Each structure stands twice: as structure tokens, then as C-alpha cells.
Amino acid sequence: MTLTQSEIKQQLLVQYRYRIEMHAHTSPASPCSQILPEEMVQTYSRLGYDAVVITNHFSSDLFEGLSKKEAVARYLKDYEETCGAAENSGLQVLLGAEIRFEENRNDYLLYGADREILETVYDYLPAGLAVFRQEVELDRSVFLQAHPFRDGMELADLSLLDGIETLNLHPGHNSRIALAAKYAGENGRKITVAGSDFHHPNRGHEGAAAVRAKILPKDSFALAEILKTGDYLMEIGGTHIVLP
Ligand SMILES: [Zn+2]
Ligand SMILES: [Zn+2]
């Protein structure tokens, strides 16, 4: 018996039942965000998501005057508050980061993060992408260029990346997602992800994109593992299913 398209879609939605927001910013850790940690939890619980990765900005200009320990502690405070707000909510909160080195305005998404890794990243912010990737082993993490086709970005050397964020659905930027997807396809099918880049209330972009997985990752390293296997789907607008 041949399945209809809607039957296939239904099967995929059941198989890949866990929805994960891969790109979300809280305030005050990301000064550009107006979403407090508890609002992040309320928003994604209401949308029926299973997990949200907190990918706040991680760059030297946000850490002026702070020691490494202070900078990372301040970075982690929002994540910890989001975890606290999510207790008993059924929403899994995972730690990520959106990193910017001092060399340019490129952003990089890190999945598979903890305090130690963030402290190492902090040390390499002045050195730049190439030195960081050549000197630091990130066996249990995934390191992607965020929205590489957005204005102001420079395409990073793919040999320094595990992949790219192809489907960045921030409504205030043109991330040229079709160009990003095409580029990923033409360059060896590295890891690709979709994310809402959620920052702002009342703009309707919460839950604009998701990754769907068969299992709910227990922490951000487990999420990185899922990305490495390639066994996941992407979703746009809560309706369109995209195979990575
Ligand atoms: Zn931002
Ligand atoms: Zn972002």
C-alpha cells in the first residue's frame, strides 16, 4: 500500500515527536532580547515545545570589566534562571551559546556547552575562529556558523565548522535561507539547523522554526549527539517539515 503525503507526514511527526527551539535569547544576558527567562519558559510551554536551547550572545563587548569567571557566571545566570523557571513545566532547557570573536561580526552557534567549555571560549575570543578551532577539541559539541548569509557576515571556512544554521527565521533580518540551504547542499551536507532566533515579544516569531528529534536530549551534549547522527527533522512555522 502506498502512503499518501499526509500519512507520511503524520508518521514523521509521530516518529520525530520532540520539538526543540535551537536559537533563543533571554534578557538580560542578551541585551538585544526583551524576553525574561520565565517568559521564555511560558512562551515555549504554551507552544507545546519539549525543549529550548538558550543561545545568548557570548562576545567580549558584553563582558567588559569582568574577569573570565565573572563573565561566564553572568552568562550562565540567565540559563540557570530559565532552568529554575522550567522546573515542573515539562520543558527541557539546554545550554548553548551564540559566539562572536573579536575578528569580525560573524556569529557561531555552539551546542554541547558547559561552564568549562565557555571559559575556554572566553579565552579565545580575541584570537578568532581559526585559532580556536585549531587548538580546542570540541568532541562532544557541535559548532556552526549562525545565519551565514545575513548582511555583515563573512562566510567562514567550512573546514573550521561542523556545519551552518541554514534556516534562521528571525523576522527582522534577511538571512537568505534558500542561499544558505543551497550552499550547505553544495558543500558536503554538513550539519544544518533551523532556529527562530527568538528575541522579542509581540512579533509572532516565537516557534517560527524547530528541530524535531526522536528522543528528548537530556542535556546539550545529547543534543549535539543527535545533530551529529543526522537523525532529525527541521520544521518551519509549525507546519512545514524539512529534511536536513
Ligand atoms: Zn541578539
Ligand atoms: Zn541569535
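The values are calculated or read from the model by the stated rules, or taken from the named source; none is laboratory data. Being a predicted model, the structure only gives us computed values, none of them experimental. Neighbour counts run over all protein chains shown; Cβ positions are idealised from the backbone, glycine included. Accessible surface areas use protein heavy atoms only, side chains included; no ligands, DNA or RNA. Shrake-Rupley method; radii C 1.70, N 1.55, O 1.52, S 1.80 Å.
Among the numbered criteria (1) among the hydrophobic types (A, V, I, L, M, F, W, C); (2) touching a residue at least 24 places away in the same chain (Cβ under 8 Å); (3) outside any loop (DSSP other than H, G, I, E, B), which one does Leu138 miss?
(3)
Hey, can you tell me all the residues within the range 111-134 that are within 20 Å of Glu70 (Cβ to Cβ) and open to solvent by less than 40 Å² (accessible area, probe 1.4 Å)?
Ala113, Ile117, Leu118, Glu119, Val121, Leu125
Working only within the range 11-27, note down all residues that are farther than 20 Å from Gly172 by Cα and of a type outside the set (Lys, Arg).
Just the residues of the range 11-27 that are farther than 20 Å from Gly172 by Cα, to begin with: 11-20.
Hits for the range 11-27 are Gln11, Leu12, Leu13, Val14, Gln15, Tyr16, Tyr18, Ile20.
Report the residue count in the range 207-240 for those that are surrounded by fewer than 20 Cβ atoms within 10 Å (Cβ to Cβ), in a loop (DSSP other than H, G, I, E, B) and at pLDDT 95 or above.
Matching residues across the range 207-240 total 7.
Among the residues of the range 165-189, what is the count of those that are within 15 Å of Val242 (Cα to Cα) and either buried (at least 16 other Cβ atoms within 10 Å of the Cβ) or in contact with a strand residue (DSSP E or B) (Cβ under 8 Å, 6 or more places away or on another chain) (or both)?
Of the residues in that region, 9 qualify.
When the range 108-125 is examined, which residues are found to be farther than 14 Å from Glu225 by Cβ, more than 16 Å from ligand 1 (Cβ to nearest atom) and outside any loop (DSSP other than H, G, I, E, B)?
Passing the criteria: Arg115, Glu116, Ile117, Leu118, Glu119, Thr120, Val121, Tyr122, Asp123, Tyr124.
Go through (1) more than 27 Å from Val136 (Cα to Cα); (2) touching a residue at least 60 places away in the same chain (Cβ under 8 Å) one by one and return the number of the condition Gly172 breaks.
(2)
With under 25 Å from Met153 (Cβ atoms) and of a type in the set (Ser, Thr, Tyr) as the only criterion, which of Ser45, Ser67, Ser89, Ser59 stands out?
Among Ser45, Ser67, Ser89, Ser59, only Ser59 is under 25 Å from Met153 (Cβ atoms) and of a type in the set (Ser, Thr, Tyr).
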